[in-house]
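Please treat every number below as a calculation from the coordinates, not as lab data. Treat the numbers as computed from the prediction; the structure is a model and nothing was measured. Virtual Cβ from ideal backbone geometry, glycine too; neighbours counted across all protein chains shown.
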Amino acid sequence: MKLQLANRSIYNCLELAAAKREYIEIELRHRKLGKTTALIQFAKENGYVVLVGSVAEAKVLIREYGYRLIKSINSNLDGYPFFVFDETAPREKIEAMKEDGQIIITGFLRAEDFYGEQAVNK
């Protein structure tokens, strides 16, 4: 699913993607729109663990949003049933978790050419 905000909110996109167990593909132009805020709100309301790219990032977000279930994708994740992920979580690690039987509900996945054409055209 692509992130298309013309007729819906980011939170609504998360709900739709979760219902279909799809990831939301984002592009560089989707920076600073409130995706992480919406993802954490969605996770809080549903009891999901939010996966991010690093321990430092997880600590900052826990402090900022007061939600304790924000973890680095490199952490010990045993015992947690359901996950959503932010764009900083590497695609390969998300796919490896899914292959290992972890339940990945949805999340923001950087497009393959996230920095590609925009970076070249600048």
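Of the candidates Phe42, Phe85, the single residue that is closer than 17 Å to Arg110 by Cα and among the aromatic types (Phe, Trp, Tyr) is Phe85. Tyr80 meets the conditions (1) more than 23 Å from Lys20 (Cβ to Cβ); (2) over 15 Å from the mean Cα position of the chain (by Cα) in every case but one. The failed one is (1).
For segment 67-103, filtered to residues that are touching a residue at least 24 places away in the same chain (Cβ under 8 Å) and part of a strand (DSSP E or B), the residue that is surrounded by the fewest Cβ atoms within 10 Å (Cβ to Cβ) is Phe82.
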